[in-house]
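J.: Following this message is one structure expressed as structure tokens.
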Amino acid sequence: MRSSNPVFSRRGFSRSGGYAGFGAAPQAGSPVAGQGNPYAQTQAPTNPYAAGDQQNLTPQQLQQMYGAPPAGPLQTGRMTMDDVVMRTGMTLGTVIVAAAAAWIAQLPVGVGIVAALVAMVLGLVQSFKRTASPALIMGYALFEGLFLGVISQVYNERWSGIPMQAVLGTMAVFVGVLVAYKTRLIRVNARFQRFVLAAAIGFVLLMAVNLLFAAIGGGDGLGFRSGGLGIVFGLVGVVLGAAFLAMDFKQIEDGVQYGAPREESWLAAFGLTLSLVWIYLELLRLISIFRD
């Protein structure tokens, strides 16, 4: 299963992605059983029971071999939910701290724009890398946080208290989507992903056209970000962000189930951060329209 989230689109967490699963016997000729699986575990050369006839082993050695608990994800270097939670906490924590610092320092709008461009470049580089780079992800979180702090301050100066409302709204969307996903009210399948991907492409293209017209003619361009149309497109943006979250949850669940390597938890944290930032910005715009 692959996600339309740009972080996960290049490497889905699934059996077809080549990750070894737990609790299932490997089939002959499958990547899990042979050299085709890049994450297959090899026998340790220091294992005294890796070779030789078991009949030559002493009773103590046999008891040690068969009585030992099975190796878990921690011993085999596989991704766990704790890994995802810890990496996500680090990434979101960096975003929050950087945003708070930018707010307190009252950085100018120009600095926020530069930070947004740097964050976009770092995010794109990580999205097209085949492996997770913690330095890129944390760098993205730092500069994205600076941008969010500046833009939030701008909105707060005109609409007092709106950033906190957007934060609470983002938290509510996250919890709501998580509950809906765990109770299977939202079922992420191939059709769901194709629909969300098509809707996201159309949404981004319309916003780009609106921005182009705004740069040429001034104002709000085609009016997609103000008035009645602004409310409609703001709601669509929040729904798309919620759909991204649902697909992130699916990818994380598949990654843990099928034994993705532990470093993939950085990509999971990166994807969740992208989705939450998307939702926050859309809510910031949407609430400002309602306040007007």
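J.: Spot the failing condition for I216; the list is (1) at pLDDT 90 or above; (2) β-branched (V, I, T); (3) over 21 Å from L124 (Cβ atoms); (4) surrounded by fewer than 12 Cβ atoms within 10 Å (Cβ to Cβ), and only one is missed.
T.: Looking at each condition in turn, I216 falls short on (1).
J.: Another question about this same structure. Are any of the residues in region 238-259 among the aromatic types (F, W, Y), modelled with pLDDT of 90 or more and either within 29 Å of T80 (Cα to Cα) or in a helix (DSSP H, G or I) (or both)? Spell out how you get there, then give the answer.
T.: Of the residues in region 238-259, the ones among the aromatic types (F, W, Y) are 244, 249, 258.
With the extra rule that they be modelled with pLDDT of 90 or more, the set shrinks to 244, 249.
After this cut, where a residue has to be either within 29 Å of T80 (Cα to Cα) or in a helix (DSSP H, G or I) (or both) as well, the list is 244, 249.
Yes, the conditions are met somewhere in region 238-259.
J.: Got at least one residue in region 247-254 being open to solvent by 20 Å² or more (accessible area, probe 1.4 Å) and either of a type in the set (S, T, Y) or under 22 Å from L206 (Cβ atoms) (or both)?
T.: For region 247-254, residues open to solvent by 20 Å² or more (accessible area, probe 1.4 Å) and either of a type in the set (S, T, Y) or under 22 Å from L206 (Cβ atoms) (or both): absent.
J.: For region 184-213, enumerate the residues that are surrounded by 15 or more Cβ atoms within 10 Å (Cβ to Cβ) and at pLDDT 90 or above.
T.: I186, V188, F192, Q193, V196, L197, A199, A200, F203
J.: Among the numbered conditions (1) under 16 Å from V238 (Cα atoms); (2) surrounded by fewer than 19 Cβ atoms within 10 Å (Cβ to Cβ); (3) in contact with a helix residue (DSSP H, G or I) (Cβ under 9 Å, 6 or more places away or on another chain), tell me where T170 comes up short.
T.: Only one criterion is unmet by T170, namely (2).
J.: A further question follows. Using the structure shown, decide if L136 is surrounded by 14 or more Cβ atoms within 10 Å (Cβ to Cβ), touching a Lys or Arg at 6+ places or on another chain (Cβ under 8 Å), without any contact (Cβ under 8 Å) to a residue 40 or more places away in the chain and not in a loop (DSSP other than H, G, I, E, B). Break it down stepwise before answering.
T.: Numbers: surrounded by 14 or more Cβ atoms within 10 Å (Cβ to Cβ): yes; touching a Lys or Arg at 6+ places or on another chain (Cβ under 8 Å): yes; without any contact (Cβ under 8 Å) to a residue 40 or more places away in the chain: yes; not in a loop (DSSP other than H, G, I, E, B): yes.
Yes, satisfied.
J.: Looking for whichever is at pLDDT below 95, among the hydroxyl-bearing types (S, T, Y) and either open to solvent by 80 Å² or more (accessible area, probe 1.4 Å) or part of a helix (DSSP H, G or I) (or both) here; the options are S152, S127. Which one fits? Don't jump to the end; show me each part of the working.
T.: Working: S152 fails: at pLDDT below 95.
After ruling out the rest, the residue left standing is S127.
J.: Which members of region 207-260 meet the condition of being within 18 Å of V173 (Cα to Cα), free of Cβ contacts under 8 Å to residues at least 60 places away in the same chain and not aliphatic (A, V, I, L, M)?
T.: Matches in region 207-260: F233, G234, G237.
The values are calculated or read from the model by the stated rules, or taken from the named source; none is laboratory data. Owing to the predicted nature of the structure, the values given are computational and were not obtained by experimental measurement. Positions of Cβ are backbone-derived with ideal geometry, glycine not excepted, and every protein chain shown enters the neighbour counts. Quick note on the areas: whole protein, heavy atoms, side chains included, nothing else; ligands and nucleic acids left out. Shrake-Rupley method; radii C 1.70, N 1.55, O 1.52, S 1.80 Å.
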